[in-house]
Amino acid sequence: MTRWSLLLLLAAALSACDDGFSPRVDDTRAFALYGTLDGRTARQAIRVQDLAGSVLDTPDRLPVTVTSTELTTGRTTAWRDSVVTLPDGIRAHLFVADLAVAPGDAHRIEALRDADGARSVVTVTIPSSVVTSGPSPSASSNAAPVVLSVASGRLEGARVRFVVRRVDTDDSASFLTQPTPQEGGGQASFLSFLDTAELQATSLLYGSTPGDPVFVGAQLEGVVVGTTPTPVIGGVGSIGWVYPISLSIPFPTQTVTRVGFVDGR
C-alpha cells in the first residue's frame with residue numbers, strides 16, 4: 001500500500017471517530033473500534049485500540065486478529081494491521097481489508113485478542129435506498145417530487161441526472177440539475193423542476209432548431225451517509241457506513257409530457 005493510500009484510509013476511518021478518542025486502559029472491555037464502511041471504495045479501514053494496554057504505548061504489531069463476515073453470503077475477510085501516526089503525534093493501529101460494501105449488506109466485524117481470546121464485535125447493517133415520485137404539487141405544475149427513503153441515513157450532494165435524445169436518433173446525452181430540498185418528515189425530499197430541465201435538454205439537443213427532446217430517464221445521485229453508527233459489543237466505539245447512489249426516478253408520464261418532453265422510457 002502506498003503512503004498516500006494509507007493516508008486516505010486513515011482519513012476515512014477517523015471521519016467516524018469521536019474527537020475525544022482516548023480509551024481507558026483499565027476498562028474490562030476488550031477493544032475500541034472506530035471507522036466507517038465506505039461503499040465508494042473497495043478497501044476498508046478501521047482503527048483498533050487494545051483497552052488492556054496504554055494508548056501512549058503502541059507496539060509495532062497489535063496482538064489481535066480482526067475478521068469480518070458478510071452475513072448474507074457467509075464470505076469472511078481477514079483485516080491487516082498497519083501503524084499510522086496521527087496529527088497529534090500518537091501512533092495508532094489501522095486495520096485494512098480489501099472489501100467492497102453495498103446497500104443490503106450486513107457485516108459482522110470481530111476483534112479477537114490472541115493472548116486470552118477476549119473479543120469485541122459489531123454488526124453493521126447497511127440499509128438500501130428507495131426513490132419514489134408522484135404527481136406535481138398543486139402549487140407547481142412544472143415540478144415533480146423526488147423522495148429518497150433510507151433508514152437512519154441522510155443524502156449529501158443531491159443532484160438529478162437527465163438522459164435525453166432527439167426524436168430522430170438513438171444517441172443520447174446527459175446533464176445534471178440541482179433539485180430543491182423540501183421538508184420531508186425525516187426523509188430526503190426534493191422538487192425537480194422538469195420545465196427547466198426540458199429547456200436545457202432542448203438547447204443541448206437542438207440549439208435554435210425547434211424540436212421536442214425525448215426523455216430517456218433520470219437518476220437521483222449523491223452520497224447516503226448513515227446517521228446512527230452501530231455501537232461495539234464487548235468494547236467501545238462504533239462503526240458507521242456510507243455509499244453512493246444513482247437510482248432511477250419514476251417520474252409520472254403526465255408530468256414528463258406536460259412540460260414538453262416526449263416520454264421515451
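Where a number appears in this text, it was derived from the coordinates with a stated rule and is not lab data. Note that the structure is predicted; figures quoted are calculated from it, not measured. Here Cβ is always computed from backbone atoms with ideal geometry, including for glycine, and neighbour counts include all displayed protein chains.
Details
- Farthest toward positive dipole pole in the chain [+1 Lys/Arg, -1 Asp/Glu at C-beta], among Thr77, Gly235, Leu37: Thr77
- Considering only Val216, Pro244, Phe175, and ranking their Cα positions along the charge dipole of region 167-265 that arises from unit charges at the beta-carbon of Lys, Arg, Asp and Glu, the one farthest toward the positive end is Pro244.
- Förster radius 35 Å - calculated FRET efficiency between Thr69 and Ser246 (Cβ-Cβ, nearest 0.05): 0.80
- The distance between label points at Ser141 and Ala115 comes to 7.6 nm (points 7 Å beyond Cα on the Cα→Cβ vector).
- Exposure proxy for Thr123, Thr202: other Cβ atoms within 10 Å of each Cβ, ordered fewest to most, give Thr123, Thr202.
- Each listed q (0.10, 0.11, 0.16 Å⁻¹) maps to a log10 I(q)/I(0) for the chain from the Debye sum over equal C-alpha point scatterers, namely -0.63, -0.70, -1.06.
- Between 0 and 90°, nearest 10: helix 3-14 axis offset from the chain longest Cα axis: 90 degrees
- Derived scalar couplings ³J(HN,Hα) [region 111-118; Karplus, 6.51 cos²θ - 1.76 cosθ + 1.60; whole Hz; x for Gly, Pro]: 10, 10, 6, 5, 6, 10, x, 4
- Angle in degrees between helix 194-206 and the longest Cα principal axis of the chain, rounded to the nearest 10: 70 degrees
- Equivalent ellipsoid, region 210-265 (semi-axes from 5 times Cα gyration tensor eigenvalues, Å): 43, 9, 7
- Beta bridges per DSSP with both ends in the chain, % antiparallel, nearest 5: 90 percent
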